[in-house]
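Down below is the structure, laid out as structure tokens.
Laboratory data are not the source of any read-out in this text; all were calculated from the coordinates shown. Quick caveat, the model's predicted, so the values are computed rather than measured. Backbone-built Cβ (ideal geometry, glycine too); neighbour counts: all protein chains shown.
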Amino acid sequence: MFSTGQLIFALFFVVSFTAIIIYSYNKDKKKSQQYFKGSFWVLIGFLIFVALLVGLKSIV
């Protein structure tokens with residue numbers, strides 16, 4: 001289905017993208033906390049959604 005290189009790239013991309021998003025979130029959170037109330041739960045929900053998609057893809 002996917003080559004080893006493609007899987008390594010996808011894993012690297014997901015990890016680095018998530019790290020950049022978390023870094024940007026923490027940097028912006030310090031600047032304007034009133035705009036980010038509860039946004040941590042959105043991030044958690046997004047990560048759970050992606051995990052569910054990957055889980056369903058591996059099952060089906």
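Values for this structure:
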{"quantity": "Integer Hz, Karplus 6.51/-1.76/1.60 couplings in order for region 11-18, x for Gly and Pro", "calculated": "5, 4, 5, 5, 5, 5, 5, 5"}
{"quantity": "Contour minus Cα-Cα distance for Tyr35 and Phe9 (0.36 nm per residue)", "calculated": "6.0 nm"}
{"quantity": "Estimated FRET transfer efficiency when R0 is 35 angstrom, pair Val60-Thr18 (beta carbons, to 0.05)", "calculated": "0.90"}
{"quantity": "Share of alpha-carbon pairs per 10 Å distance bin for the chain, given as whole %", "calculated": "19, 40, 26, 12, 2"}
